[in-house]
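Undergrad: Here it is: the structure, laid out below.
Values quoted throughout were computed directly from the atomic coordinates according to the rules given, and no laboratory measurement underlies them. Predicted model only: the values in this text are computed from it and were never measured. Here Cβ is always computed from backbone atoms with ideal geometry, including for glycine, and neighbour counts include all displayed protein chains.
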Amino acid sequence: MDAPNGSQDTEQTLDSQVKAFFDSAPPLQNRNDIIQKLNHFIQLNSLSSENGIGKRIVCVTSGGTTAPLEQRCVRYVDNFSSGHRGATSTEYFLKAGYAVIFLYRRGSFQPFCRSLPDDPLLDCFEATEGLNIQVGEAYSKAVKTAIVDHHAAVNSGLLLKLPFSTIFEYLQMLQIISKPMKDIGPRAMFFLAAAVSDFYVPWKDMVEHKIQSGSHILDVKLVQVPKMLSVLRKDWAPVAFCISFKLETDSNILIKKARGALEKYNMHAVVANELSTRKEQVVVVTIDDKITVQRDKSKADDDVENPLIKLLSQRHSAYIEDSKRMR
Ligand code: PMT
């Protein structure tokens, strides 16, 4: 998902691209509401802890962003991401003791719902003779687990779910989230698993109404979305522990590209994954390591995210300890 000439930007052109992007973006409707929820969430999880320094908080981004083609959007450019990685990782982060801000694409996979069928409402429930509704036998355990675990995480203030659809919403929300995350220093982690659009139509260049069919060729000019990873690291939350992802379909270039991203965007780790094997194995690339992480195939219900989040959680703890020593 790289732009053809993606690595040639100077810092100055990146800054102007970032400015142009945010200037052109339609403002978020619920901006104040999001800020309020976030501040409350981060405050709550900064007070509660066993060691007196507050919980570790991770922002997990999940699913794909859309790039609309019309202001009153009928059509958009989308990508393949299902949100499985982000949703599953969220469950393991919660197990590892994190509070999680789950920034997810509307309609994508949700934490604790992976064992449910595609259409849970219609497939899991059935009408009894008196027209009461009950959970069908086949999904009884999965539905109970999903409801109990989901409510426990949300009600105890450990899971905050924030939905996005477009690239405009996603990047504005990421920026908003990074502000209070910056204040908690090294306790903050970004786990950037979302598949972010590389190209978009700037709002001011977009037609207002539905593009009419009829002409043979649809001529739309897409502009490169500025890579926000370096902005996040440099300005938005410079002390947070940052994990980005690198997806390729060609295994021969995957590790080289991940290493390139690690250095270029100054990430703490890049999780390299190949499209077809992404649920089985990933490679965690750091400045001095390259660790292959695999799902335990002897267990039918194990996920690659299980050992992945264990590893990242350990690295994050070490990073927090190092930061304390350097103070
Ligand atoms: O959702 P699933 O179906 O479970 O699939 C999971 C996944 C394959 C989507 C996930 O594991 C993954 O690899 N996500 C990142 C995919 C991607 O967009 O790769 P990329 O090489 O285009 O981007 C690399 C990184 O830059 C990403 O962390 C992305 O968040 C970030 N990025 C990308 C473009 C952009 N303009 N700004 C960014 O910050």
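Undergrad: So which of Lys179/Lys257; Lys55/Lys182; Lys95/Lys144 end up more than 20 Å apart by C-alpha?
TA: Details: Lys179/Lys257 29 Å; Lys55/Lys182 14 Å; Lys95/Lys144 18 Å.
From Lys179/Lys257; Lys55/Lys182; Lys95/Lys144, over 20 Å: Lys179/Lys257.
Undergrad: How big is the antiparallel share of DSSP beta bridges in the stretch 6-239, given as a percent to the nearest 5? Please list the in-between numbers first.
TA: Values: 7 of 27 bridges.
Just about 25 percent of them are antiparallel.
Undergrad: Among Lys227/Lys279; Lys161/Lys234; Lys19/Lys279; Lys141/Lys290, which pairs are too far apart, with a Cα-Cα distance over 30 Å?
TA: The pairs that break the limit, which is 30 Å between Cα atoms, are Lys19/Lys279; Lys141/Lys290.
Undergrad: Are there GluC sites (Glu not before Pro) in the stretch 65-130 that DSSP puts in a loop and that have at most 15 other Cβ atoms within 10 Å, and which ones? Please list the in-between numbers first.
TA: Working: sites: Glu70, Glu91, Glu126, Glu129; in loops: Glu129.
Taking the stretch 65-130 and a limit of 15 other Cβ atoms within 10 Å, the loop GluC sites (Glu not before Pro) found are Glu129.
Undergrad: For the stretch 255-327, give the magnitude of the charge dipole about the Cα centre (Cβ charges: +1 Lys/Arg, -1 Asp/Glu; no others), in debye to the nearest 20. Present the calculation step by step, with values, prior to reporting the outcome.
TA: On the way: 15 positive and 12 negative charges, 54 e Å.
Here the size comes out at about 260 debye.
Undergrad: Here is a further query. What length, rounded to one decimal in nm, is gained on full extension from Leu47 through to Phe199, with 0.36 nm per residue of separation minus their alpha-carbon distance? Write down the numbers at each step before the final one.
TA: Working: separation 152, 0.36 × 152 = 54.72 nm, distance 4.05 nm.
Between Leu47 and Phe199, full extension yields an extra 50.7 nm.
Undergrad: Assuming R0 = 30 Å, can you tell me the calculated FRET efficiency for the pair Lys324 and Asp33, based on Cβ-Cβ distance, to the nearest 0.05? Before the final figure, lay out the partial values.
TA: Values: r = 35 Å, r/R0 = 1.16.
Efficiency, rounded to the nearest 0.05: 0.30.
Undergrad: Once you have the alpha carbon radius of gyration of the stretch 58-179, what is it after dividing by 2.2 N^0.38 Å, with N set to its residue count?
TA: Numbers: Rg = 16.8 Å, N = 122, 2.2 N^0.38 = 13.7 Å.
Compactness ratio reported: 1.23.
Undergrad: Cα-based Rg of the chain per 2.2 N^0.38 Å, rounded to two decimals?
TA: Working: Rg = 20.8 Å, N = 327, 2.2 N^0.38 = 19.9 Å.
Compactness ratio reported: 1.05.
Undergrad: Could I ask something else about it? Taking only the Cα atoms of the stretch 255-327, how large is their convex hull per residue, in Å³?
TA: Details: hull volume 6.7 nm³, N = 73.
Per-residue hull volume (Cα only) is 92 Å³.
Undergrad: So, one more: Show that you can apply the helix-only estimate: for the chain, add -39,500 (n - 2.57) for every DSSP H stretch of four or more residues, divide by all residues, and state [θ] at 222 nm to the nearest 500.
TA: Calculated at 222 nm, the ellipticity per residue is -11500 deg cm²/dmol.
Undergrad: Let me ask another. Tell me the chymotrypsin sites (Phe, Trp or Tyr not before Pro) within the stretch 62-94 that lie in a loop according to DSSP and have at most 14 other beta-carbon atoms within 10 Å.
TA: Details: sites: Tyr76, Phe80, Tyr92, Phe93; in loops: Phe80.
When the chymotrypsin sites (Phe, Trp or Tyr not before Pro) of the stretch 62-94 are filtered for loop state and at most 14 Cβ neighbours within 10 Å, Phe80 remain.
Undergrad: Mind listing which trypsin sites (Lys or Arg not before Pro) in the stretch 59-136 are in a DSSP loop and have 12 or fewer other Cβ atoms within 10 Å? Write down the numbers at each step before the final one.
TA: Details: sites: Arg72, Arg75, Arg85, Lys95, Arg105, Arg106, Arg114; in loops: Arg72, Arg75, Arg106, Arg114.
Within the stretch 59-136, the qualifying trypsin sites (Lys or Arg not before Pro) (loop, at most 12 other Cβ atoms within 10 Å) are Arg72, Arg106.
Undergrad: Run a plain Debye calculation on the stretch 203-327 (Cα atoms as equal point scatterers, no solvent) and give log10 I(q)/I(0) at q = 0.17, 0.21 Å⁻¹, rounded to two decimals, same order as the q list.
TA: Log-scaled intensity ratios, in q order: -0.94, -1.21.
Undergrad: So, with +1 on the Cβ of K and R and -1 on the Cβ of D and E, and no other charges, what is the size of the charge dipole of the stretch 99-169 about its Cα centre, to the nearest 20 debye? Please report the intermediate quantities before stating the final value.
TA: Working: 6 positive and 8 negative charges, 82 e Å.
Roughly 400 debye for the stretch 99-169.
Undergrad: Positive end of the dipole of the chain, charges at C-beta (+1 Lys, Arg; -1 Asp, Glu), about the Cα centre: which of Gly157, Ala318, Phe241 has its Cα farthest in that direction?
TA: Ala318
Undergrad: Could you size up the charge dipole of the chain around its Cα centre, putting +1 on the beta carbon of Lys and Arg and -1 on that of Asp and Glu, and report it in debye to the nearest 20?
TA: Details: 40 positive and 38 negative charges, 195 e Å.
Its charge dipole is roughly 940 debye.
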